[in-house]
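The values are calculated or read from the model by the stated rules, or taken from the named source; none is laboratory data. Predicted model only: the values in this text are computed from it and were never measured. We place every Cβ from the backbone using ideal geometry, glycine too, and count neighbours over all the protein chains shown. Each accessible area value is taken on the protein alone, full model and side chains, heavy atoms only, with ligands, DNA and RNA left out. Shrake-Rupley method; radii C 1.70, N 1.55, O 1.52, S 1.80 Å.
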Amino acid sequence: MTTKFTPDHEYIRVEGATGIVGITPYAQNALGDIVFVELPSVGKVLKKGDEAAVVESVKAASEIYAPVSGTVTEVNSALSGEPGLINTDPEAAGWIYKISIANAGELDGLLDAVAYADLTK
Amino acid sequence: MSEPVEDLKTTPLYAKHVAAGGRMVPFGGYNLPVQYNTGIMGEHKWTREHAGLFDVSHMGPSFLTLNNPSGDADADHAAVAALVEPLVCGDINGLKPGQVRYTLLLNETGGAIDDLMVARSPLFPGSLYIVVNAGTKDNDFDIIAKAAGDKAKLTRADDGALLALQGPEAVAVLDTIVPGVAELGFMTYAPFEWNGTKLIIARSGYTGEDGCEILCDASVAEAMWDALLADERVKPIGLGARDSLRLEAGLPLYGHDLDETVSPTEAGLNFAVSKRRRESADFPGAARILKEFGGELSRIRVGLFVEGAPAREGTEILDASGMVVGKVTSGGFAPSLARAIALGFVPPAHATPGTQLQVSVRGRMQPAQVTATPFVPHRYFRKAKS
């Protein structure tokens, strides 16, 4: 199981051909209290870099981009009732959507944990 | 994520904000905390339940004082009021000693150059205490000083610190440090002594809660900040919660809900256009504003309960049939109500509370219902009639 990161602070946890996407603890802290999450539709086809979801804090809306190309297979509907899960548990209960990875090669272009930690120093 | 920001001013409390974990952002030309470690939601709720401490030193407090007062209190007040009244729509002449009034500085077409507080000194005949907004203060002060000519002197006091303590426990806290503050009526002010320095304290604010705004010298700002925070009922509150609190209270924010095209009538601020001034039609833009009072109004500010995602500033408002009828001027999430709310402008035909409208958020329609403001009832202090 590998986790990769984008410079925009999304993570993708790779489990076989599926990636679980969310935002990093650094990102949730920077955004502050999340009050609304706009989830993608299951079946939506995304290209790497497409807007996949929107998270809203009290003050502002932030786009969440697709770290890789693929098709949305599942969304975390718990976020509709409890968007704050992204603040309290961004890497587990606060995941946003799952994507079937179209091209595993795209993962190589993302940051590993060390490079991402370096970026947010 | 922290960018170097040039030419930003700091307030006398900058070091205190940083020490308290303040996340500093540029606002109105100043470096100010958008939130502390508590976060906007927690800070907002704390203010509604206890007492929130805000640094509003970026704003523009000032004093306008007659150069040659006669010593006759009422005549001197009338003289200084006569210098300001041609600029604003409020009754300044009618202020009682110590009384604070919300009014608007208007251009010749009745648009708002700024909204501000004007108060009559409780002590000095012919002196007004005037507080304007941060982003507009240089222009406002120019306009007021020009109108005063050689008859009165405008003294800026924005080199000091202005603190706001807001919330149901705010006045009780402040009264332990500055005894006598609890005697102030809502929208009045008085000078107080504290540790040998003078404070100007007004019972007013921008949250819909009871509370005070405290003007002090920069040299005692940190000591005052510490003294207030030493009380466990007080937490520091950033600009983020200041905005969500005022939005819930239905209070307009200059530069968003008010600008040079918006009249007080359109902004739903008829209470700020005094009856005496309307009868004499002697304020800037009177022709337009009086017409609007008579019903010729093309748009009016409304409150909206928004279903789903928050509708932010600039979001289009549509009627039930999908026709664009207006725009959101302030919008966000209301922590006290756990739902999205907005202020915006629509034609009067769509402005009745209960009217079903829509907002277009990221290309999708969401229901929005017109509602009376404030969204959260004001809890200002009212003295019992004796």
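Okay, here's what the table says:
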read-out: Every pair of residues 6+ apart whose Cβ atoms lie under 9 Å, when the first sits in segment A:13-32 and is facing another protein chain (nearest Cβ under 10 Å) while the second is in a strand (DSSP E or B) and among the basic types (Lys, Arg); value: A:30/B:23; A:32/B:23
read-out: Filter pass, residue B:318 being away from chain A (no Cβ under 14 Å), touching a His at 6+ places or on another chain (Cβ under 8 Å) and either touching a residue at least 60 places away in the same chain (Cβ under 8 Å) or among the aliphatic types (A, V, I, L, M) (or both); value: no
read-out: Residue count for segment A:1-56, restricted to those that are part of a strand (DSSP E or B), over 16 Å from residue A:80 (Cβ atoms), modelled with pLDDT of 95 or more and not hydrophobic (A, V, I, L, M, F, W, C); value: 9
read-out: Subset tally (residues that are of a type in the set (Val, Ile, Thr) and more than 10 Å from chain B (Cβ to nearest Cβ)) for segment A:33-54; value: 2
read-out: Residue list for segment B:296-315, filter: within 14 Å of another protein chain (Cβ to nearest Cβ) and in a loop (DSSP other than H, G, I, E, B); value: B:307, B:308, B:309, B:310, B:311, B:312, B:313, B:314, B:315
read-out: Selection from segment A:1-57 of residues that are small (Gly, Ala, Ser) and either under 21 Å from residue A:88 (Cβ atoms) or within 12 Å of the chain's Cα centre (by Cα) (or both); value: A:19, A:22, A:27, A:30, A:32, A:49, A:52, A:53, A:57
read-out: Tally, over segment B:242-266, of residues that are of a type in the set (D, E, K, R) and within 14 Å of chain A (Cβ to nearest Cβ); value: 4
read-out: Residue identified as among the polar types (S, T, N, Q), within 23 Å of residue B:245 (Cα to Cα), assigned to a loop (DSSP other than H, G, I, E, B) and more than 14 Å from chain A (Cβ to nearest Cβ) among B:352, B:329, B:373; value: B:373
read-out: Those residues of segment B:229-241 which are touching a helix residue (DSSP H, G or I) at 6+ places or on another chain (Cβ under 7 Å) and away from chain A (no Cβ under 13 Å), in sequence order; value: B:231, B:233, B:234, B:235, B:236
read-out: Answer from B:307, B:313 - the residue that is open to solvent by 20 Å² or more (accessible area, probe 1.4 Å), within 20 Å of residue B:262 (Cα to Cα) and among the charged types (D, E, K, R); value: B:313
read-out: Segment A:57-79, residues that are more than 10 Å from chain B (Cβ to nearest Cβ), free of Cβ contacts under 8 Å to residues at least 60 places away in the same chain and outside any strand (DSSP E or B); value: A:66, A:68, A:69, A:76, A:77, A:78, A:79
